[in-house]
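Please read the structure below before turning to the comments.
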Amino acid sequence: MNAKELRDKTPDQLREELTNLKKQQFNLRFRAATGQLENPAQMRIARRDAARVLTILNEKANAAAE
């Protein structure tokens with residue numbers, strides 16, 4: 001997922017995407033704790049995607065406030 005795709009989405013879609021990413025992070029942490037995670041890099045990717053969504057949401061909120 002790149003920032004350009006995210007900027008095309010509405011804030012509601014971004015919040016839904018953030019919720020999905022947080023659930024994915026939880027599931028990945030759970031699988032890592034139980035030793036079932038094959039690719040540990042997935043955790044980093046999910047964390048960065050969530051941060052990217054939050055950044056875009058903040059940009060949209062600041063643009064709307066101006």
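The values are calculated or read from the model by the stated rules, or taken from the named source; none is laboratory data. A quick note: this is a predicted structure, and the numbers were derived from the prediction, not measured. Positions of Cβ are generated from backbone atoms using ideal geometry, with glycine treated the same way; all protein chains shown enter the neighbour counts. Heads up: the accessible areas ignore ligands, DNA and RNA and are worked out on the full protein's heavy atoms, side chains in. Shrake-Rupley method; radii C 1.70, N 1.55, O 1.52, S 1.80 Å.
From the residues in segment 20-35 that are open to solvent by 70 Å² or more (accessible area, probe 1.4 Å), within 10 Å of the chain's Cα centre (by Cα) and polar (S, T, N, Q), which one is nearest to Leu57 (Cα to Cα)?
Asn20
Given (1) part of a helix (DSSP H, G or I); (2) small (Gly, Ala, Ser); (3) open to solvent by less than 70 Å² (accessible area, probe 1.4 Å), where does Ala64 come up short, assuming only one miss?
Unmet condition: (3).
Within the bounds of segment 15-22, is there any residue that is basic (Lys, Arg) and out of contact with any helix residue (DSSP H, G or I) (no Cβ under 8 Å at 6 or more places or on another chain)?
no
Restricted to segment 2-13, and to residues that are in a helix (DSSP H, G or I) and open to solvent by less than 100 Å² (accessible area, probe 1.4 Å), which residue is nearest to Asn62 (Cα to Cα)?
Restricting to residues being in a helix (DSSP H, G or I) and open to solvent by less than 100 Å² (accessible area, probe 1.4 Å), the top hit is Pro11.
Kindly indicate which of Glu38, Glu16 is part of a loop (DSSP other than H, G, I, E, B) and open to solvent by 90 Å² or more (accessible area, probe 1.4 Å).
Of the residues listed, the single one that is part of a loop (DSSP other than H, G, I, E, B) and open to solvent by 90 Å² or more (accessible area, probe 1.4 Å) is Glu38.
So, in segment 26-66, how many residues would count as being closer than 21 Å to Asn2 by Cβ and of a type in the set (Ser, Thr, Tyr)? Give the derivation first.
From segment 26-66, those closer than 21 Å to Asn2 by Cβ are 28, 39, 41-63; that's our starting set.
Among the residues that remain, those that are also of a type in the set (Ser, Thr, Tyr) are: 55.
The qualifying residues number 1.
Scan segment 41-59 for residues that are closer than 11 Å to Pro11 by Cβ and either open to solvent by 60 Å² or more (accessible area, probe 1.4 Å) or under 10 Å from the mean Cα position of the chain (by Cα) (or both) and jot them down.
Listed by number, the residues that qualify are Val53, Asn58, Glu59.
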